[in-house]
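A.B. asks: Please see the structure below; I have some questions.
The values are calculated or read from the model by the stated rules, or taken from the named source; none is laboratory data. Nothing here was measured: the structure is a model prediction, and the numbers come from that model. Don't worry about glycine lacking a Cβ; one is built from the backbone with ideal geometry, like all the others, and counts go over all protein chains shown. Keep in mind that these areas ignore ligands, DNA and RNA; they rest on the heavy atoms of the full protein, side chains included. Shrake-Rupley method; radii C 1.70, N 1.55, O 1.52, S 1.80 Å.
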Amino acid sequence: MADFPIRFGIIGCAEIARKVSRAIQVAPNATVSAVASRSFDKAANFAKANGFPPDTKIYGSYESLLDDPDIDAVYLPLPTGLHLKWAVLTAQKKKHLLTEKPVALSVAEFDQILKACEENGVQIMDGTMWVHNPRTHKMKQFLNDKEKFGQLRTVNSCFTFFADPDFLKNDIRVKPDLDALGALGDAGWYGIRSILWAADYELPKTVTAFRNPVLNEAGVLLECGASLLWADGKIATFHCSFLSNLTMNLTAIGTLGTLHLTDFIIPYQEHQASYTTSTKPGFNELVTGWVQLPSEHTVTVDLPQEACMVREFASLVANIKKNGAQPDKKWPTISRKTQLVLDAVKASMEKGFQPVEIV
């Protein structure tokens, strides 16, 4: 444990908070100091069920936690519809902010959150875990290798899972007043982020939503997708759904090589993760098989990817607190670009599935 670990307060007891609270306790430079719910008993039960330290403070309101002077940073796993209010309040209370994705219901909302963070000198990062996995850094090295991968031409990303009837009826992700973005915000966020990651976060020129998205009776998206086009001819697609078998595929194709993995969001195993690369393959003389077969690469990790995320965030917060550094702009910039594309997908649907230009 670091000499002065960053002290986290958790606002809300959502299911994802179980995973991230464990990550906070596993990360070497962070600790859980407080948890808040709208019910004191719920917060107390959450702390007990997740093995929080005995001295963890329990609050029966979000405001009480934000007023605690001993909290350095807040983890915010609330429904997307509540992000604007509580993220802005968190920043105004000078607490650094690790927020669940999607970061907001729109770029306009996220810009209000960013303004509050900038005015109050606080760090913000979204909770997209896989980008912090050491495997992701290794894969990026391959994509950046001009001799093995060449120039990026195509990215295809897919995240689906088959939700049970209870989920489709009661989960917050299908409620228009809580998570109005539905599958696009919950699963599509990952597809968009993976595409931008592969493209070095260069925004596409246009985004076109696929026709025939599936919505529930309340008008919330259960399944959708889109294509993204860049000025230089690169193209990407993503598909997201609550109605299909669990799939987490990502394929990036260059002029000389291909990267492929089938568990890009959550690795099959916590402490190691694999991916496949192929460079300049061809066929044998009779065209009955391939030569230059794809190779599999396995990366062993010392911390789960969510703990790597917390460690990165806590190190940025510590640099601000101890060294007077300015908040790092990398992570909020990436969040904003992801939200921009998400907004464009929505706009394309509203405009009859026509291409929408990214400005």
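A.B. asks: Restricting attention to segment 160-191, which residues are in a helix (DSSP H, G or I), of a type outside the set (Ser, Thr, Tyr) and under 21 Å from Gln339 (Cβ atoms)?
C.D. replies: If the condition is that a residue be in a helix (DSSP H, G or I), of a type outside the set (Ser, Thr, Tyr) and under 21 Å from Gln339 (Cβ atoms), then Ile172, Arg173, Val174, Gly182, Ala183, Leu184, Gly185, Asp186, Ala187, Gly188, Trp189, Gly191 are the ones that fit.
A.B. asks: Shifting gears a bit: Which of the residues spanning segment 138-177 are in contact with a Ser or Thr (Cβ under 7 Å, 6 or more places away or on another chain) and open to solvent by 50 Å² or more (accessible area, probe 1.4 Å)?
C.D. replies: Lys148, Gln151, Arg153, Asn156, Phe162
Every residue, every condition in (1) assigned by the TED database to the domain that holds Leu229; (2) acidic (Asp, Glu), yes or no:
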residue	(1), (2)
Leu97	no, no
Glu109	no, yes
Lys138	yes, no
Phe142	yes, no
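A.B. asks: Trp189 is checked against (1) aromatic (Phe, Trp, Tyr); (2) touching a Lys or Arg at 6+ places or on another chain (Cβ under 7 Å); (3) open to solvent by 10 Å² or more (accessible area, probe 1.4 Å) and fails just one. What number does that condition carry?
C.D. replies: Tallying (1) aromatic (Phe, Trp, Tyr); (2) touching a Lys or Arg at 6+ places or on another chain (Cβ under 7 Å); (3) open to solvent by 10 Å² or more (accessible area, probe 1.4 Å), Trp189 fails exactly one: (3).
A.B. asks: Further, regarding this structure: Scan segment 107-125 and tell me whether some residue there is modelled with pLDDT of 95 or more, within 12 Å of the chain's Cα centre (by Cα) and open to solvent by less than 30 Å² (accessible area, probe 1.4 Å).
C.D. replies: Yes; the residues of segment 107-125 include at least one that is modelled with pLDDT of 95 or more, within 12 Å of the chain's Cα centre (by Cα) and open to solvent by less than 30 Å² (accessible area, probe 1.4 Å).
A.B. asks: Can you name every residue in segment 251-283 that is over 23 Å from Val20 (Cα atoms), of a type outside the set (Ser, Thr, Tyr) and either surrounded by 15 or more Cβ atoms within 10 Å (Cβ to Cβ) or touching a residue at least 12 places away in the same chain (Cβ under 8 Å) (or both)?
C.D. replies: Within segment 251-283, Ala252, Ile253, Gly254, Leu256, Gly257, Leu259, His260, Leu261, Lys280, Pro281 qualify.
A.B. asks: Quickly run through segment 115-138 and pick out the residues that are under 21 Å from Asp343 (Cβ atoms) and either among the polar types (S, T, N, Q) or in contact with a Pro (Cβ under 6 Å, 6 or more places away or on another chain) (or both).
C.D. replies: Hits for segment 115-138 are Ile124, Thr128.
A.B. asks: Would you call Lys321 in contact with a strand residue (DSSP E or B) (Cβ under 9 Å, 6 or more places away or on another chain) and open to solvent by 50 Å² or more (accessible area, probe 1.4 Å)?
C.D. replies: yes
A.B. asks: Still on this model: Run down Ser194, Ser157 and say which single residue is in the same structural domain as Thr251 (by the TED database), in a helix (DSSP H, G or I) and of a type outside the set (A, V, I, L, M, F, W, C).
C.D. replies: Ser194
A.B. asks: Kindly provide the set of residues from segment 210-262 that are part of a strand (DSSP E or B) and among the aromatic types (Phe, Trp, Tyr), ordered by number.
C.D. replies: Residue satisfying the conditions is Phe238 alone.
A.B. asks: In addition: Can you tell me which residues in segment 284-317 are touching a residue at least 12 places away in the same chain (Cβ under 8 Å) and in a strand (DSSP E or B)?
C.D. replies: Scanning segment 284-317 gives Ser295, Glu296, His297, Thr298, Val299, Thr300.
A.B. asks: How do the strands (runs of 3 or more DSSP E) wholly within segment 11-93 filter down when requiring 3 or more residues that are buried (at least 22 other Cβ atoms within 10 Å of the Cβ): which remain?
C.D. replies: 30-36, 73-76
A.B. asks: Still on this model: I need a count of the residues in segment 197-209 that are among the small types (Gly, Ala, Ser) and assigned to a helix (DSSP H, G or I).
C.D. replies: Adding up the residues that qualify gives 1.
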